[in-house]
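Taking it in order: structure first as structure tokens, then the write-up.
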Amino acid sequence: MTTPPPAPAPPWRIEPQGDRCLLIRFGDSIDVEVGRLCLAAAQALRLAQLPGVTDVVPSFVTVAVHYRPGGGQRPRYEELAARIEPLLAQGVAADTQTGRHVELPVCYGGQYGPDLPDVARHAGLSPEAVIELHSGAESLVFMLGFAPGAPYMGVHDARLDIPRRASPRTAVPAGSVAVANRQTVLYPSQSPGGWNIIGATPAVLFDPASDAPTLLQPGDRVRFVPIGPAEFRRLREAAR
């Protein structure tokens, strides 16, 4: 009797993350396809409305499922993982449709992008070529990160694989557009930061008084549109 080959391992694994969260891991390195799988899995889990789950949060390579542990409708880790397994086993297709296409104006260089010359030197390009690379293709919003409304986006051309600054700034202006590690992060408010600032957007990235407080959401596809200083000042004044 021939022994059948073992079933292939699923393209994800479930891991505990403390006593109120589990992680579903789809990969180990930042990749647009992996990011889209995370977005699709997060949406499927939200629609499933599993008992005890309080939030579902996608990131670069994982989906965090937060829950209230306990009895009855409050599952333990093992119980929740057992409910998630068959949902994922049904198949999750990379999400390429739900996000919006967003054009975001950016004033590059000068007072708005003081690190643009350093980024250009590191990449072996002119500042104009860096701007062309950064604005020439759409960037996927993988997740919202360190501050309310702060998106992490990418993945950029390999020539923009720039390390973070050796000395972080204590105050990065609101609206700053900064790059590192083939990614872009936007600063919705003034805060410390160690990324390389190449420009600024006049758009309001976070407004807690709005019905939709964050301008961007995971899954959105953003194209940066270069503008000049005069247009930046006009748009910022109009946004106030």
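The values are calculated or read from the model by the stated rules, or taken from the named source; none is laboratory data. Being a predicted model, the structure only gives us computed values, none of them experimental. Neighbour counts run over all protein chains shown; Cβ positions are idealised from the backbone, glycine included. Quick note on the areas: whole protein, heavy atoms, side chains included, nothing else; ligands and nucleic acids left out. Shrake-Rupley method; radii C 1.70, N 1.55, O 1.52, S 1.80 Å.
Quick notes on this structure:
- Of the residues making up segment 138-195, those that are in a loop (DSSP other than H, G, I, E, B), touching a strand residue (DSSP E or B) at 6+ places or on another chain (Cβ under 8 Å), closer than 24 Å to Leu125 by Cβ and hydrophobic (A, V, I, L, M, F, W, C) number 3.
- The residue list Ala137, Ala150, Ala129 contains one member that is modelled with pLDDT of 95 or more and either out of contact with any Leu (no Cβ under 9 Å at 6 or more places or on another chain) or surrounded by 16 or more Cβ atoms within 10 Å (Cβ to Cβ) (or both), which is Ala129.
- Test result for Ala93, of a type in the set (A, V, I, L, M), at pLDDT 90 or above and farther than 11 Å from Pro51 by Cα: no
- Taking segment 64-83 as the range and being over 24 Å from Leu140 (Cβ atoms), out of contact with any Lys or Arg (no Cβ under 9 Å at 6 or more places or on another chain) and buried (at least 20 other Cβ atoms within 10 Å of the Cβ) as the test, only Leu80 passes.
- Just so you know, in segment 95-126 the residues that are among the acidic types (Asp, Glu) and over 18 Å from Ile30 (Cβ atoms) include one that is surrounded by the fewest Cβ atoms within 10 Å (Cβ to Cβ), and it is Glu103.
- Residue within segment 175-197 that is among the aliphatic types (A, V, I, L, M), over 18 Å from the mean Cα position of the chain (by Cα) and not assigned by the TED database to the domain that holds Ser59 present: no
- Given (1) open to solvent by 60 Å² or more (accessible area, probe 1.4 Å); (2) under 26 Å from Asp28 (Cβ atoms), number of the condition Val61 does not satisfy: (1)
- Qualifying residue in segment 28-46 (condition: more than 19 Å from Glu138 (Cβ to Cβ), assigned to a strand (DSSP E or B) and either of a type outside the set (D, E, K, R) or assigned by the TED database to the domain that holds Ala174 (or both)): no
- Picking from residues in segment 223-238 that are open to solvent by 50 Å² or more (accessible area, probe 1.4 Å) and in a helix (DSSP H, G or I), the one that is nearest to Pro202 (Cα to Cα) is Arg236.
- Residue match in segment 55-63 (condition: assigned by the TED database to the domain that holds Ala180, under 30 Å from Gly175 (Cβ atoms) and aromatic (Phe, Trp, Tyr)): no
- Check on Ile197, at pLDDT 95 or above, of a type outside the set (D, E, K, R) and closer than 21 Å to Pro117 by Cβ: yes
- For segment 153-168, taking the residues that are open to solvent by 50 Å² or more (accessible area, probe 1.4 Å) and of a type outside the set (Gly, Ala, Ser), the one that is farthest from Ser29 (Cα to Cα) is identified as Pro168.
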